[in-house]
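A short worksheet on the structure shown next.
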Amino acid sequence: MLKELRPALVLLGAFTLITGALYPAAVTGIAKLAFPKQAEGSVILRSGKPVGSILIGQTFTSPKYFWSRPSATSPMPHNAASGNGSNQGPLNPALTEAVKARIEALKASDPQQHDPIPVDLVTTSGSGLDPHISPAAAAWQAPRVARERGLDRARVDALIAQHTQGRQLGVLGEPRVNVLMLNLALDALKY
C-alpha cells in the first residue's frame, strides 16, 4: 500500500506547487508587466488617495452627481467582493417593486424631468458592478446636475459627450459613460 501511496503524495505535492503557486505567480507577473494599470485594479487617485476604480461602479446619491446604475450586490451596493445579479425574472414581483421604487426615487430627485427614464437607471447589470451608464441615462440626469451645480446645461452636455466611450473596436458593445470619471470631471470644474 505504501508503494501506491508514495507516488500519489508526490504528485499531489508537485501539482499543488505548480498550480497553486508557480502558475498564479507567473500569470500575475506577466499581467503586471503587460498591463500594469489593469493588474492593479485601475484605481483612480486624487491627491495621492484612491477615490475608486474605473472598473467598478460606485453609489452616488447626491443630486449634484450623476447616479450610477443600480446594484444588486449585497450586503451593500457595488460590493466588489460579491459581484452578482439579482437573477430576478421579468415576472418576479420583487423586481417589479424594486423598479417602481427606483423610478419614484428618480422622479423625486428631479420633479421637473418628464422624459422617459432610460432602463439602465432602474435595472441592475448582470454583475451588479457596472461602472457605466448609457449616454441616454446621463442626458436624462443632466438637467438635475446642471441645476444643482449652477452650471449651464450645454457645459454639462459637453462633459457627457467628452466622457462617452464608443463601441470597442467600433462594433462591440454600446456607447457608454463611466460615471466615476464624469463625476470627477464635474468636481474639477471651476465655477
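The values are calculated or read from the model by the stated rules, or taken from the named source; none is laboratory data. Please read these numbers as outputs of a predicted model, since none were measured by experiment. Glycine gets a Cβ as well: all are built from the backbone with ideal geometry, and neighbour counts include every protein chain shown.
Overview of results
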| quantity | calculated |
| --- | --- |
| Only one of 29, 41, 48 that is surrounded by 11 or more Cβ atoms within 10 Å (Cβ to Cβ), closer than 30 Å to residue 187 by Cβ and not hydroxyl-bearing (Ser, Thr, Tyr) | 41 |
| Test: residue 88 is touching a Pro at 6+ places or on another chain (Cβ under 7 Å), assigned to a loop (DSSP other than H, G, I, E, B) and over 19 Å from residue 165 (Cβ atoms) | no |
| Filter result for residue 129 (assigned by TED's automatic domain parsing to the domain that holds residue 55 and closer than 30 Å to residue 92 by Cα) | yes |
| Yes/no for residue 20 being touching a residue at least 24 places away in the same chain (Cβ under 8 Å), of a type outside the set (D, E, K, R) and not in a loop (DSSP other than H, G, I, E, B) | no |
| Unmet requirement for residue 15, which otherwise passes all of (1) surrounded by 10 or more Cβ atoms within 10 Å (Cβ to Cβ); (2) not in a helix (DSSP H, G or I) | (2) |
| Members of the range 79-125 found to be among the basic types (Lys, Arg) and either under 20 Å from residue 147 (Cα atoms) or in contact with a strand residue (DSSP E or B) (Cβ under 7 Å, 6 or more places away or on another chain) (or both), listed by number | 107 |
| Residue within the range 157-165 that is within 19 Å of residue 71 (Cα to Cα) and among the hydroxyl-bearing types (Ser, Thr, Tyr) present | no |
| In the range 92-146, the residues that are of a type in the set (Val, Ile, Thr) and either surrounded by fewer than 12 Cβ atoms within 10 Å (Cβ to Cβ) or in contact with a Ser or Thr (Cβ under 7 Å, 6 or more places away or on another chain) (or both) | 99, 124, 133 |
| So residue 80, is it surrounded by 12 or more Cβ atoms within 10 Å (Cβ to Cβ), assigned by TED's automatic domain parsing to the domain that holds residue 176 and farther than 24 Å from residue 136 by Cβ | yes |
| Filtered residues of the range 48-73 (kept if assigned to a strand (DSSP E or B) and over 9 Å from the mean Cα position of the chain (by Cα)) | 49, 50, 51, 52 |
| Answer from 51, 99 - the residue that is of a type outside the set (Phe, Trp, Tyr) and closer than 16 Å to residue 179 by Cα | 51 |
